[in-house]
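J.: Got a structure here, written out as structure tokens. Questions coming.
The values are calculated or read from the model by the stated rules, or taken from the named source; none is laboratory data. Bear in mind that the values here come from a model prediction, so they are computed numbers and not experimental data. Because the Cβ atoms are built from the backbone with ideal geometry, glycine has one as well, and the counts that use them run over all protein chains shown. For the accessible areas, the whole protein counts, side chains as well, though only heavy atoms, and no ligand, DNA or RNA atoms are used. Shrake-Rupley method; radii C 1.70, N 1.55, O 1.52, S 1.80 Å.
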Amino acid sequence: MTTTVLALKRIAGNNIASPIGFKATGMHCGIKHKKNDLALLVSEVPANVAGVFTTNAIQAAPLLVTKEAIQQTGKMQAIIVNSGNANACTGQQGLKDARLMQQKAAEKLGISPDLIGVASTGVIGELMKMEPIVKGIQKLEPSSELEGSILFSQAILTTDTVTKNTAYSTVIDGKKIIIAGTAKGSGMIDPNMATMLGFITTDAKIESIHLQAALKTVTDLTFNSITVDGDTSTNDMVLVMANGMAGNNSLTPAHPDWEQFTEALHAVSQDLAKMIAKDGEGATKLIEVEVSGAITDVEARKIAKTVVGSPLVKTAIFGCDANWGRIIAAVGYSGATLDPNAIKINIGPTTVVEKGEPVPFSEAQLLVYLKQPEVKIVVDLHKGNGQGVAWGCDLTYDYVQINATYRS
């Protein structure tokens with residue numbers, strides 16, 4: 001049974017605490033010199049939870065603690081987050097520190113530690129300064145007001161230049177439900193996952209098993225379709241908390257409004273993914289690569305990500321150089337099935353390659369287009385029905401400067 005998907009409505013304020021029953025806050029506790037560095041997200045009731053995590057074989061202590069908590073209960077009521085220190089490659093002491101954060105947050109809220117997720121981001125290989133964190137946790141006062149969400153989104157940032165927030169509403173079983181998200185990410189961004197933390201809240205009712213399946217599908221199309229620099233971090237996670245307080249019937253793939261929910265989850269995740277790509281360290285442009293005509297959707301996304309991740313493509317876009325040779329070369333080494341004599345490439349509205357061969361175009365017109373803050377590259381393989389999209393950013397002098405002095 002299916003129904004027509006109702007139009008999603010974007011919510012003004014982009015508030016992570018917009019769904020019923022959620023509160024958030026952030027503060028400066030002393031990990032960083034001045035900026036906010038400690039954050040807390042809370043649900044009034046235990047929420048069903050789903051998570052996706054970095055594929056890096058080296059995984060940070062907070063990530064391990066959070067995965068353990070999810071496996072034990074399938075539920076989560078709060079997430080404690082710090083920035084400025086990743087608590088990664090810190091051995092047994094790092095695990096003790098992550099568990100201490102979990103324990104202190106539990107004591108603060110009067111709930112079980114296994115309902116607390118822990119997330120950290122920042123410098124790798126340095127032990128946490130626990131005294132300011134422990135003291136800071138006691139001072140955190142989560143709020144459902146917009147100010148609390150703003151403080152939360154600020155406190156999770158590292159080299160980001162802007163906060164990343166979005167929220168949508170839709171209707172399920174005649175009930176208004178909201179899905180909201182906040183993320184951080186700017187460098188060490190490459191799918192599966194990247195140096196990114198994503199937190200999504202919803203008041204929809206859905207069991208963890210179905211929420212996990214929906215998140216996995218959406219992640220492949222969004223968070224796993226962005227790249228800044230090809231690096232995969234040790235701390236990355238996206239967590240979704242669904243507390244069921246909107247009052248809808250429990251969602252399953254057989255529910256007539258299932259598509260409404262997955263569409264909203266996709267919209268939130270795609271917004272956050274594109275914000276991360278656009279805010280790549282030192283970036284001046286968002287690059288979108290759309291691929292059609294591939295053998296499968298998977299191959300199309302593989303090609304798109306290869307093109308948008310190519311350092312030569314990224315530097316050409318930064319320099320406003322319509323060097324399509326770099327694009328077609330990346331298509332060729334992507335490993336996907338293709339016919340070189342069938343490829344068509346557009347940069348913005350301008351066709352630069354047809355049937356694998358160059359076509360005349362105006363360099364002056366393309367220069368004007370490439371100076372825009374968002375650049376789209378379209379590749380048609382004329383080989384099948386597979387489609388895919390990936391997002392990234394240009395590679396600039398500032399990227400080198402930022403990462404050359406990251407620990408300074």
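J.: Can you tell me the 0 to 90 degree angle between the C-alpha axis of helix 146-155 and the longest principal axis of the chain, rounded to 10?
T.: Compared with the principal axis, the helix lies near 70 degrees.
J.: May I ask you to compute the full-extension gain from Ala364 to Ala213, defined as 0.36 nm times their residue separation minus their alpha-carbon distance, rounded to one decimal in nm? Walk me through the numbers on the way to the answer.
T.: Working: separation 151, 0.36 × 151 = 54.36 nm, distance 4.73 nm.
So the extension gain works out to 49.6 nm.
J.: Quick one: length gained pulling Glu126 to Ala7 fully straight, 0.36 nm per residue minus the C-alpha distance?
T.: Values: separation 119, 0.36 × 119 = 42.84 nm, distance 4.70 nm.
Between Glu126 and Ala7, full extension yields an extra 38.1 nm.
J.: Probe of 1.4 angstrom, ligands and nucleic acids ignored: what's the accessible area per residue over the chain, in square angstrom?
T.: Per residue, the chain has 40 Å² of solvent-accessible surface.
J.: Which of the peptides 147-155, 80-88, 108-116 is most tightly packed, and how do the rest follow, judged by the mean count of other Cβ atoms within 10 Å per residue?
T.: Numbers: 147-155: 24.2, 80-88: 26.3, 108-116: 17.2.
In descending order of packing, they fall as 80-88, 147-155, 108-116.
J.: Shifting gears a bit: Return the carbon/sulfur percentage of the accessible area of the stretch 112-222, one whole number, probe 1.4 Å, all protein chains in place. Don't skip to the end; give the middle numbers.
T.: Details: 2140 of 3850 Å².
Percent of accessible area from carbon and sulfur atoms in the stretch 112-222: 56.
J.: Now for a different question. Calculate how steeply helix 324-333 sits against the longest principal axis of the alpha-carbon atoms of the chain, using the helix alpha-carbon long axis, and give the answer as 0 to 90 degrees to the nearest 10.
T.: 70 degrees
J.: Could you give the length gained by full extension between Thr55 and Asn341, i.e. 0.36 nm per residue of separation minus their alpha carbon distance, to one decimal place? Walk me through the numbers before you get to the answer.
T.: Details: separation 286, 0.36 × 286 = 102.96 nm, distance 3.60 nm.
Net length gain for the segment: 99.4 nm.
J.: Same structure again: Suppose R0 equals 30 Å. What FRET efficiency, 1/(1 + (r/R0)^6) with r the Cβ-Cβ distance, do Gln72 and Lys175 give to the nearest 0.05?
T.: Numbers: r = 30 Å, r/R0 = 1.00.
For Gln72 and Lys175, the calculated efficiency is 0.50.
J.: If you don't mind, another one. At a 1.4 Å probe radius, carbon and sulfur cover how many percent of the accessible area of the stretch 243-321?
T.: Working: 1390 of 2630 Å².
Carbon plus sulfur share of accessible area: 53 percent.
J.: Take the Cα atoms of the stretch 1-86, find their three principal axes, and give me the spread along each one in whole Å, biggest first.
T.: Reported extents, whole Å, longest axis first: 51, 32, 26.
J.: State, to one decimal in nm², a quarter of the convex hull surface area for the C-alpha atoms of the stretch 89-143, i.e. the direction-averaged projected area.
T.: Values: hull surface 16.7 nm².
Dividing the Cα hull surface by four gives the mean projection, 4.2 nm².
J.: Mind grabbing the base-10 log of I(q)/I(0) for the chain at q = 0.06, 0.08, 0.12, 0.15 Å⁻¹? Debye formula, identical points on the C-alpha positions, no solvent, two decimal places.
T.: -0.25, -0.43, -0.93, -1.30
J.: Let me ask another. Sticking with the crude label model, points 7 Å out along Cα→Cβ, report the distance from Tyr333 to Val45 in nm, one decimal please.
T.: Between Tyr333 and Val45, the simple spin-label model gives 5.4 nm.
J.: Do the alpha carbons of any pairs in Lys75/Lys139; Lys34/Lys135; Lys344/Lys383 sit beyond 18 Å of each other, and which pairs? Walk me through the numbers before you get to the answer.
T.: Details: Lys75/Lys139 25 Å; Lys34/Lys135 16 Å; Lys344/Lys383 11 Å.
Where the Cα-Cα span goes over 18 Å, the pairs concerned are Lys75/Lys139.
J.: On to the next question. Mind computing the radius of gyration and Dmax over the alpha-carbon atoms of the stretch 55-191? Å is fine for both.
T.: Answer for the stretch 55-191, Rg first and Dmax second: 15.9, 50 Å.
J.: Cut-off under 16 Å on the C-alpha distance; same-chain residues fewer than 8 positions from Lys175 excluded. Which lysines are left, in chain and number order?
T.: Lys9, Lys205
J.: Taking the chain as the reference, fit the longest principal axis to its C-alpha atoms, fit the long axis of helix 208-221 to the helix C-alpha atoms, and give the angle between the two in degrees, 0 to 90, nearest 10.
T.: Helix 208-221 sits at roughly 30 degrees to that axis.
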